[in-house]
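Shown next, in C-alpha cells, is the structure this report addresses.
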Amino acid sequence: MYDFCINGGGMVGATLALGLARQGYQVAVIEPVMPPPFEASDGPDLRVSAISEHSADILRALGAWEAIEAMRVRPYDTLSVWENDGSETAFTANMLDMQQLGYFVENRVLQLGCHEVLQSLDNVTCFVGNKVRRFAFPVGGGAMAGLVDGTEVQAQWLVGADGAQSVVRKAAEIGTTGWQYDQRALGMTVKMSSPATPHTWQRFYPSGPRALLPMYDNYASLVWYDSADQIQALARLDNAALAEKVSEAFPSRLTVDGTTFTVLDKAAFPLTRAHASRYVTPSVILVGDAAHTVNPLAGQGVNLGFRDIECLLSVTADHPDLTSAAFFRALQTRYEKPRQRDNRLMMAGLDSVYALFSNDLGPIKWVRNQVLAVTEKVVPAKREVMKYALGLHQWKF
Ligand SMILES: Cc1cc2nc3c(=O)[nH]c(=O)nc-3n(C[C@H](O)[C@H](O)[C@H](O)COP(=O)(O)OP(=O)(O)OC[C@H]3O[C@@H](n4cnc5c(N)ncnc54)[C@H](O)[C@@H]3O)c2cc1C
C-alpha cells in the first residue's frame with residue numbers, strides 16, 4: 001500500500017513525487033509517455049516554460065535543479081512589454097537585486113531532471129509506459145488504480161497530476177468551470193544568426209501578443225497569439241513561408257542589426273481557462289493543470305503548479321497520519337482554500353490583461369498605454385507586480 005499514488009509524472013507530478021518521497025512517504029507515479037532521454041546534441045524542444053526564480057528554488061530544495069541545469073536552462077534578466085513605441089515597460093532583475101528574473105526551460109528537460117532524481121530514491125516506484133484502465137475508491141478509504149497491464153496500485157491518496165484532461169478529476173466527479181478563449185497560440189522554435197540576449201519581450205497587438213523567449217546558443221522560441229483562423233492558416237505554412245510572415249508581423253527588434261532566423265518547428269495550441277470546483281475529496285487531491293488551466297500569455301501555468309506543491313508539502317509535513325480526519329481538514333483549509341483563491345486571482349488578472357489588450361477600441365487603447373506608461377514610471381508598483389509574477393510575494397486578502 002503506497003501513501004500516495006500520483007497519476008501523471010509530468011513537470012508537476014514528478015516534482016510532487018520528489019517532495020513527498022523526501023518527506024519519507026511511499027510514492028507511486030504513473031506516467032504513460034516519458035520523453036526520450038536527453039542528449040546534448042538534441043535540438044530544442046518546442047514546449048518551453050518560463051520558470052520563476054521561486055519555482056527554481058522549490059526544485060533546488062528538492063534536489064532536482066542541479067540535474068535540470070546540467071542538461072540546459074536559459075536564465076533571463078529583462079522582460080519588456082509594450083504596445084506603442086514609447087509605452088514600453090521593462091522589468092529587470094536589478095530592480096529586485098536578483099541575478100535573473102527566471103529561466104526558460106524545455107518542459108521535457110524539467111520532467112527528465114525530476115525523474116533522474118526519482119530513480120535514485122528507493123521509496124518511489126515509477127510505472128512508466130503504463131496507464132490506468134480503471135480507478136476504484138473502496139468504502140474503507142484510499143484508492144486503487146488498475147493499470148492496463150493488470151497491476152493494481154493501492155494507495156491512501158490518489159493524486160491527479162495528469163494535466164488539463166485529468167482522468168483522476170473525472171473519476172472523482174469533480175466538475176470544472178471555464179471556457180476556451182477566442183485566441184489561439186502558435187509556438188515556434190527558431191534558430192537566429194546570433195545568440196539571443198537574456199532579454200524576453202512581448203508586444204501587444206489587438207489580435208493578441210507576439211513574444212520572444214531566448215533559449216540556449218542561437219535558439220529562441222517565438223509565440224504568436226491570434227484568432228483561431230489566422231493561427232490555423234499560419235500553422236499550415238511550410239517553415240520558410242512562416243518565417244516570412246513572422247518577419248512581416250513581429251516587432252522589428254526580432255531582426256535588428258541584420259539578424260536573420262529560420263523556423264525549425266511549430267505547433268498550434270488552444271487557450272483554455274478551467275478551474276476545478278474542488279481540489280480535494282476524501283481520497284483524491286488535484287494539483288497543477290488537473291486543478292487549473294490558465295491563459296499562457298504571462299507564462300504562469302506551471303509556476304502555479306509549483307506553488308500548489310509547496311503548499312501541499314507544508315500540509316503533508318505536519319500531518320503524518322494520512323488517514324486522520326485532521327489531515328483531511330488540513331487539506332481543505334490549508335491547501336484547497338488558499339490555492340483556489342490564489343489561482344482564481346491569477347486567472348482574473350490574466351483575463352483582465354487579455355480583455356484590456358485584445359481589442360482596438362480607441363479609449364481602451366489609450367487606457368492600456370497609460371497603464372504601461374504609469375507602471376514603467378512608478379517603481380514601487382512595478383516591483384510589486386514583479387514580485388507577484390515571480391512568486392516572491394503573495395497578495396493578502
Ligand atoms: C503555448 C503554451 C505556453 C505555455 N508557457 C508557459 C510558461 O512559459 N510558463 C508556465 O509556467 N507555464 C506555461 N504554460 C503552461 C504549462 O505548460 C502547464 O501549466 C504545465 O504543463 C502543467 O504541468 P502539469 O504537470 O500539471 O501538466 P502536464 O504538463 O499536462 O503534464 C501531465 C502529465 O500527465 C500525463 N498524463 C496525461 N494523461 C494521463 C493519464 N490518463 N494517466 C496518467 N498520466 C497522464 C502526461 O503524459 C504528462 O506527463 C504554457 C502552456 C501553453 C499551452
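A few comments on the model shown:
- Residue in the range 213-221 that is over 23 Å from the mean Cα position of the chain (by Cα), open to solvent by less than 10 Å² (accessible area, probe 1.4 Å) and either modelled with pLDDT of 95 or more or not assigned by TED's automatic domain parsing to the domain that holds Lys266 (or both) present: no
- Test: residue in the range 71-83 that is open to solvent by 40 Å² or more (accessible area, probe 1.4 Å), modelled with pLDDT under 90 and over 24 Å from Tyr216 (Cβ atoms): no
- Residues of the range 106-131 that are within 18 Å of Ser41 (Cα to Cα) and touching a Phe, Trp or Tyr at 6+ places or on another chain (Cβ under 8 Å): Arg108, Val109, Leu112, Gly113.
- Candidate set from the range 54-81 (those that are assigned to a helix (DSSP H, G or I) and within 13 Å of the ligand (Cβ to nearest atom)); member that is nearest to Asn303 (Cα to Cα): Ser55
- Of all the residues in the range 281-328, those that are within 16 Å of the ligand (Cβ to nearest atom) and either modelled with pLDDT of 95 or more or not in a loop (DSSP other than H, G, I, E, B) (or both) number 26.
- Looking across the range 106-149 at every residue that is charged (D, E, K, R) and open to solvent by less than 30 Å² (accessible area, probe 1.4 Å), the one that is nearest to Phe328 (Cα to Cα) is identified as Arg108.
- In this entry, Met192 is excluded by the filter for residues that are of a type outside the set (D, E, K, R) and within 16 Å of the ligand (Cβ to nearest atom).
- So Pro338, is it touching a helix residue (DSSP H, G or I) at 6+ places or on another chain (Cβ under 9 Å), within 30 Å of Gln180 (Cα to Cα), assigned by TED's automatic domain parsing to the domain that holds Gly288 and surrounded by fewer than 16 Cβ atoms within 10 Å (Cβ to Cβ): yes
- Residue check, Ala40 in the same structural domain as Val302 (by TED's automatic domain parsing), in a helix (DSSP H, G or I) and open to solvent by 40 Å² or more (accessible area, probe 1.4 Å): no
- The set of residues in the range 188-199 that are closer than 20 Å to Asp265 by Cα and open to solvent by 10 Å² or more (accessible area, probe 1.4 Å) comprises Lys191, Met192, Ser193, Ser194, Pro195, Ala196.
- Among the conditions (1) in contact with a His (Cβ under 8 Å, 6 or more places away or on another chain); (2) outside the structural domain of Asp149 (by TED's automatic domain parsing), the only one that Met34 does not satisfy is (2).
- Residues that are away from the ligand (no atom under 16 Å from the Cβ) and assigned to a loop (DSSP other than H, G, I, E, B), drawn from the range 17-37: Gln23, Gly24, Tyr25, Gln26
- Matching residues, the range 160-187, being near the ligand (Cβ under 9 Å from one of its atoms), crowded, with 18+ Cβ neighbours inside 10 Å and polar (S, T, N, Q): Ser166
The values are calculated or read from the model by the stated rules, or taken from the named source; none is laboratory data. What you are looking at is a predicted structure, and each value in this text was computed from that prediction instead of being measured. Methodologically, a virtual Cβ is constructed for each residue, glycine included, from the backbone with ideal geometry; neighbour enumeration extends over all protein chains shown. Heads up: the accessible areas ignore ligands, DNA and RNA and are worked out on the full protein's heavy atoms, side chains in. Shrake-Rupley method; radii C 1.70, N 1.55, O 1.52, S 1.80 Å.
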